1. Check the stretch 243-251 and report whether any residue there is touching a strand residue (DSSP E or B) at 6+ places or on another chain (Cβ under 7 Å), at pLDDT 95 or above and surrounded by 22 or more Cβ atoms within 10 Å (Cβ to Cβ).
2. Need pairs with beta-carbon distance below 7 Å; first residue more than 13 Å from N163 (Cα to Cα) and within the stretch 99-122, second of a type in the set (S, T, N, Q); sequence gap 6+ or separate chains.
3. Kindly indicate whether any position in the stretch 337-359 is farther than 14 Å from S218 by Cβ, of a type in the set (F, W, Y) and not assigned by TED's automatic domain parsing to the domain that holds S218.
4. Taking the options T125, T118, name whichever one is of a type outside the set (A, V, I, L, M, F, W, C), surrounded by 21 or more Cβ atoms within 10 Å (Cβ to Cβ), at pLDDT 95 or above and part of a helix (DSSP H, G or I).
5. Conditions first: (1) in a strand (DSSP E or B); (2) crowded, with 19+ Cβ neighbours inside 10 Å. P291 passes all but one, so which condition is the exception?
6. So A247 ticks every box in (1) out of contact with any helix residue (DSSP H, G or I) (no Cβ under 7 Å at 6 or more places or on another chain); (2) touching a residue at least 40 places away in the same chain (Cβ under 8 Å); (3) among the aliphatic types (A, V, I, L, M); (4) not assigned by TED's automatic domain parsing to the domain that holds A74 but one. Which box is left unticked?
7. How many residues, within the stretch 363-379, are loosely packed, with under 14 Cβ neighbours inside 10 Å and either without any contact (Cβ under 8 Å) to a residue 12 or more places away in the chain or in a helix (DSSP H, G or I) (or both)?
8. Only one residue in V350, V371 is out of contact with any helix residue (DSSP H, G or I) (no Cβ under 9 Å at 6 or more places or on another chain), closer than 16 Å to G386 by Cβ and of a type outside the set (K, R), so which one is that?
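The values are calculated or read from the model by the stated rules, or taken from the named source; none is laboratory data. All figures in this text were calculated on a predicted structure; none of them were measured in a lab. Note that we place each Cβ from the backbone using ideal geometry, even for glycine, and neighbour counts take in every protein chain shown.
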Amino acid sequence: MSTDNSSRGRQDGINTRLAHGPYDPQSQHGFVNPPVVHGSTVLFPSMESLNNRIRAPFTYGLWGTPTTKALEDALTELEGAAGTILLPSGLAAVTVPLLAYLSSGDHCLVVDSVYYPTRRFCDGTLSRLGVEVEYFDPHIGEGIAGLMRPETKVVFLEAPGSNTFEIMDVRVACDAAHAGEAVTMMDNTWATPMFFKPLDHGVDLSIHALTKYPGGHSDVMMGSVSATQTTYGRLRDTQMQIGVNAAPDDVYLVLRGLKTMGIRLERHQASALALAEWLESREEVSEVLHPALPSFPGHALWRRQFSGASGLFAFVLKGDARKAAAFLDALRIFGLGYSWGGHESLAVPVDLSDRTIAKGPGGGALIRLQVGLEDVADLKADLEVGFAAANTL
């Protein structure tokens with residue numbers, strides 16, 4: 001079933017597009033899901049076709065299969081991109097575009113509230129390769145233009161900020177980068193294309209950990225990068241030079257998860273906001289970091305750019321690390337574990353010792369919550385048990 005309804009003068013809604021995608025079941029005998037193609041070698045019927053294989057849709061397993069193409073096409077449509085590449089982890093989706101566009105002697109601007117493994121790659125591998133990385137305040141606004149240099153080749157964004165959820169003006173940052181002929185990249189895992197489309201705001205390369213909401217069930221690791229017409233070729237070429245793609249079984253799991261991502265995100269959003277509002281009323285909590293709360297410092301900027309919020313936010317528990325440990329150890333439904341975007345709720349303490357500028361809030365211990373698909377009343381009861389345990393100290 002095709003979702004191209006340009007001839008009807010309208011476009012299907014997001015959940016309809018997620019449910020059907022650009023894949024045509026009639027291309028595979030009517031089966032509603034794309035087949036899982038395991039393969040490395042592709043046979044050509046003649047020497048002429050072998051010699052002209054650049055025109056063939058598939059040439060070798062590393063370059064992709066019908067399975068990977070189905071997910072690439074779905075994400076490209078959602079992002080409004082020229083093309084998408086798939087990678088075996090969210091971190092790989094960060095590192096491959098950075099390697100594609102940075103060389104020795106280049107300068108790279110990175111928002112200070114970036115995902116810690118991104119910083120580790122920048123301070124480790126990029127530094128070793130001779131790239132100078134400079135971190136900037138997520139609230140810098142138009143001041144980012146003053147950080148641009150002739151050798152600045154990449155401006156790397158993440159919004160909201162990792163763990164502390166700072167909101168930045170993406171369009172302003174991209175305009176400054178493009179004025180200096182730099183490429184912009186953005187980790188958009190928190191919002192997904194459901195709630196924010198980076199390319200519509202001037203971003204050149206949109207990065208996602210498909211491990212999170214697109215996969216949705218905590219059983220797969222994958223990343224994607226969706227690019228503009230001018231940046232896709234170099235991105236794809238670098239991917240093939242490095243020699244990395246996603247495995248077909250993992251791709252199938254993300255394809256399956258993508259079908260229900262929209263309705264799951266509606267539940268994640270509603271439950272997380274209900275808990276965030278409730279936490280604001282607790283005397284044990286000094287601050288709640290959720291962009292959709294009117295009390296959040298970047299709320300107005302968030303509303304101007306984003307159409308929704310996901311299930312990840314943080315709060316400051318009054319007290320020290322010992323109190324936070326007691327709170328976390330008492331939880332039964334919230335699991336203690338990393339990652340997010342799955343069906344289950346998670347809670348972890350946040351360490352911001354890597355930050356150089358965006359130090360985060362004071363007033364206690366920072367705890368990050370991933371709000372899953374459980375009943376809100378049960379999640380509140382679980383957190384109340386945590387508060388009771390912390391209050392005994």
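1. yes
2. Short answer, once both residue conditions are applied: L99/T238; A100/T238; H107/T152; L109/T152; F121/T95.
3. no
4. T118
5. (1)
6. Result: A247 fails condition (4) only.
7. The total comes to 3.
8. None of the other options fit; the residue is V350.
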